[in-house]
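Colleague: Dropping the structure in here first, questions after.
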């Protein structure tokens with residue numbers, strides 16, 4: 001299992017922004033400091049604004065700012081903003097039922113992994129990520 005580059009960039013950007021949660025930061029500053037291509041970052045920021053994690057302002061003094069405190073933004077929220085609904089394997093998609101669903105020996109294991117990962121994502125905030133790097 002691997003974290004996508006897009007999710008990595010989103011978390012990296014939010015962690016950077018979380019160190020200055022009330023400052024309006026422009027995309028170039030975020031891009032330069034986090035070594036994220038500007039065009040790629042623009043798409044990420046758009047998703048985070050659409051999901052209500054960030055607020056954007058246009059104009060010379062514009063930029064992006066967190067809508068809430070870093071301690072109130074969970075990794076689960078960020079994951080879902082970037083990747084969509086959390087699932088380990090396609091057959092766990094609510095809209096798809098695998099023909100082996102009722103007798104699948106893998107399903108209980110994937111389900112345990114999903115529950116454990118969701119717990120970690122739900123209980124870890126952007127503030128926790130910042131705190132981990134300040135030690």
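Laboratory data are not the source of any read-out in this text; all were calculated from the coordinates shown. The shown structure was predicted, so the numbers you read here are calculated from the model rather than taken from an experiment. All Cβ positions, even for glycine, are placed from backbone atoms using ideal geometry, and neighbour counts span all protein chains on display.
Colleague: In what sequence do 9, 127, 40 fall when counting other Cβ within 10 Å, fewest first?
Modeller: The order, fewest Cβ neighbours first, is 40, 127, 9.
Colleague: Rank 97, 88, 113 by mean-square fluctuation in a GNM of the chain with C-alpha springs under 10 angstrom and give only the top-ranked residue.
Modeller: Evaluated over the chain, the most mobile residue of the options is 97.
Colleague: Here is a follow-up. With n ≥ 4 as the cut-off for DSSP H runs, can you work out [θ] at 222 nm for the chain, using -39500 (n - 2.57) per run divided by the number of residues, rounded to the nearest 500?
Modeller: Result for the chain, helices only: -15500 deg cm²/dmol.
Colleague: Explain nothing, just the number: relative contact order of the stretch 5-133, from Cα pairs under 8 Å at least 6 residues apart, as a whole percent.
Modeller: With pairs under 8 Å counted, the relative contact order is 30 percent.
Colleague: Sticking with this one: Rounding to the nearest 10 and keeping the result within 0 to 90°, find how far the Cα-based axis of helix 5-18 lies from the longest principal axis of the chain.
Modeller: 40 degrees
Colleague: Quick one: helix 107-123 against the long Cα principal axis of the chain, what's the angle to the nearest 10°, folded into 0 to 90?
Modeller: 20 degrees
Colleague: Ok, one more. What's the Kirkwood radius of the stretch 20-124 in Å, using all Cα pairs?
Modeller: It is 16.2 Å.
Colleague: Helix 38-50 against the longest principal axis of the chain: what's the angle in degrees, Cα atoms only, rounded to the nearest 10?
Modeller: 70 degrees
Colleague: I need to check one value: relative contact order of the stretch 47-86, counting alpha carbon pairs closer than 8 Å and at least 6 residues apart, in percent.
Modeller: Contact order relative to length: 37 percent.
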